[in-house]
Amino acid sequence: MNFRTLDQIDPDAKRVLVRVDFNVPMEHGAVSDDTRLRAAASTINLLREKGAKVILLAHFDRPHGKRVPSMSLEPLAEPLSRLLRTPVAFADDCIGASAERAVSEMARGEVLLLENLRFHPGEEANDPLFAKALAMNGDIFVNDAFSAAHRAHASTEGIAHLLPAYAGEAMRREVGALDVVLGNPRRPVLGIVGGSKISTKLSILRHLIARLDKLAIGGGMANTFLFAQGWEVAASYCEKNLSDAARQLIGMAEDERCELLLPVDIVVAERAAAGVAARTRGLGEVDEGERILDAGPETVARLTSAMDQVETLVWNGPLGVFETPPFDRGTTAAARHAAALVRAGKLIAVAGGGDTVAALNRAGVAQDFTFVSTAGGAFLEWLEGRSLPGLAVLQA
Ligand code: ADP
Ligand code: MG
């Protein structure tokens, strides 16, 4: 992946529009987790040091093209200013007179945050007129929001056709990390795909089978594979209508010489609730009314020994219903093993996906992984091998 980066520009005294991901968690009108603000700091600081006027473009939540006061970005200006140790001005619209005035008052090295892009329907519609109105306030465009790169919106795609466009530092880091596992990885490469549904991850499974040396299937979707092979799954979550798809994937893995690791034992219970009796069973040993809720210890042992044999790991989707102990055991054990290998310099491990990140945090190992993507949808589309419109326009 070759795109234009910040080392190729001299932004001195230029108005630089930077698309950031400020879709942060908020509680009672205040930022409750500033990870995303911190992620944007390197690009902002770099541009400021070079004398740029840094104008931040961001969306927050889903106001659906209308001004929704509770979805204003204004509460972010103060925490951002503390983080950057410099005042952050705020304009109550991202286009039009108030934005123009605020930009015209900027000096070199100053930072301005513009109001929520999605207050205008033109943002998500990628309306050329709206893109033009945004572009009017800048000389250069920088996209630092990988998490929004799978959407062709005015602030991610449209605007990049109107101004010289570059990838920011966070974008460069994230795409670089993903490229390490799927672009030109150190082999062998092991994938883990888990989670609930096979239906939402069919394209990921196909793409990974074609590229990886080994692929472990876990979580609810493993039940569909087991069912497709004739095993009893009783009341388990299972997409029975996708049995054919599961069998096709098994055939595809044979053709592509990708070793599939399916469960060899299971953890069952009546339901996923705290305090229920969990039992480890062999395949098919599920009584009426029981559900498969986690990978069994033998399955986890085979998975960790596969980790020992590979150079690279890419992981999306928990192995069990990790939100409800003890059904987090399989995921936690696998995550800790991977983390120990990374710490020992024996494995490159990249993971992503909303629930996967939560599971790694719960296991206490997210910081040990080589890279953990919090990009959600964009990460999943990347795993599908799709071209992301917000990235394609930055291509050199
Ligand atoms: P991510 O957000 O990381 O992409 P998913 O959303 O695909 O992951 O899957 C996470 C969900 O899968 C979790 O809510 C988890 O409880 C569920 N899950 C995992 N294993 C099972 C299972 N055996 N039965 C039902 N749900 C499962
Ligand atoms: Mg999820």
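Points to keep in mind about this one:
- For Ser305 and Lys197, the FRET efficiency from 1/(1 + (r/R0)^6), where r spans their Cβ atoms and R0 equals 30 Å, is about 0.60.
- From phi via Karplus (6.51, -1.76, 1.60), per-residue ³J(HN,Hα) for the range 369-380 in Hz, x at Gly/Pro: 5, 4, 7, 10, 8, 9, 7, x, x, 5, 4, 5
- Based on alpha-carbon atoms, the Kirkwood radius and the radius of gyration of the chain give Rg/Rh equal to 1.03.
- Calculated FRET efficiency, Ala89 to Asn241, Cβ-Cβ distance, R0 = 41 Å: about 0.15 to the nearest 0.05.
- Rounded if a/c under 1.5, otherwise prolate or oblate - the range 185-384, Cα gyration tensor axes: oblate
- With each label modelled as a point 7 angstrom along the Cα→C-beta vector, the Arg82-Leu162 pair spans 3.5 nm.
- A straight chain from Leu129 to Arg173 at 0.36 nm per residue would run longer than the Cα-Cα distance by 12.7 nm.
- Cβ-derived FRET efficiency at R0 41 Å, Val276 paired with Glu256, nearest 0.05: 0.55
- Estimated at 0.36 nm per residue, the fully extended path between Ala344 and Arg187 surpasses their Cα-Cα distance by 54.8 nm.
- Take the Cα of Ser104, go 7 Å toward its beta carbon, and the backbone nitrogen atoms of the range 131-170 under 18 Å from that spot belong to 133-139.
- Potential extension, Glu74-Ala210 segment - 0.36 nm per residue separation minus Cα distance: 44.4 nm
- Over 29 Å between alpha carbons, listed pairs Lys50/Lys132; Lys197/Lys346; Lys53/Lys132; Lys14/Lys132; Lys66/Lys132; Lys66/Lys197: Lys197/Lys346; Lys66/Lys197
We did not get these values from a lab; they are worked out from the coordinates using the rules stated. A quick note: this is a predicted structure, and the numbers were derived from the prediction, not measured. All Cβ positions, glycine included, derive from the backbone under ideal geometry; neighbour counts span all protein chains shown.
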